[in-house]
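Data block below; observations after.
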Amino acid sequence: GVDLFGLDRPVYKDISLVEKDLELLEQCWNLVKEWNEMWELWKNGRFTDLHTEEMEEAAAKFNKKLQRIGKEVKNWDIWEKTREKVDQFKRALPLIQDLRNEALRDRHWIQ
């Protein structure tokens, strides 16, 4: 309708803020989905097929993505919970690496 009269479209600050929040919300939930998919693959896959170096690299890259949007969404519960999951995984990764060590033999499991 505004174009019909040759007027400029009004800029609504509230709409711009809502659009920005929706964009951030979509990014945040896409990250949650991405993390959950990676986690399910690792969790349900065969332990002998895990590649800990790739897992460590993937977690580091994911953490960077999470931190990138974290500047604006740190107060969102979903962001905080996802960050906690990634941090927990990163703390457990050295244990997984040790258990995947080629030097670990069957006799070590018996002891």
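The values are calculated or read from the model by the stated rules, or taken from the named source; none is laboratory data. Computed from a prediction, not measured in an experiment: that's the story for all the values here. Cβ: placed from backbone, ideal geometry, glycine included. Neighbour counts: every protein chain shown.
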Q: For segment 101-111, indicate whether the set of residues that are at pLDDT below 95 and either surrounded by 14 or more Cβ atoms within 10 Å (Cβ to Cβ) or among the hydroxyl-bearing types (S, T, Y) (or both) is non-empty.
A: no
Q: Could you check, for segment 25-36, whether at least one of its residues is surrounded by fewer than 16 Cβ atoms within 10 Å (Cβ to Cβ), of a type in the set (F, W, Y) and without any contact (Cβ under 8 Å) to a residue 12 or more places away in the chain?
A: no
Q) Just a yes or no: is a residue in segment 52-68 at pLDDT below 95 and over 18 Å from the mean Cα position of the chain (by Cα)? A) no
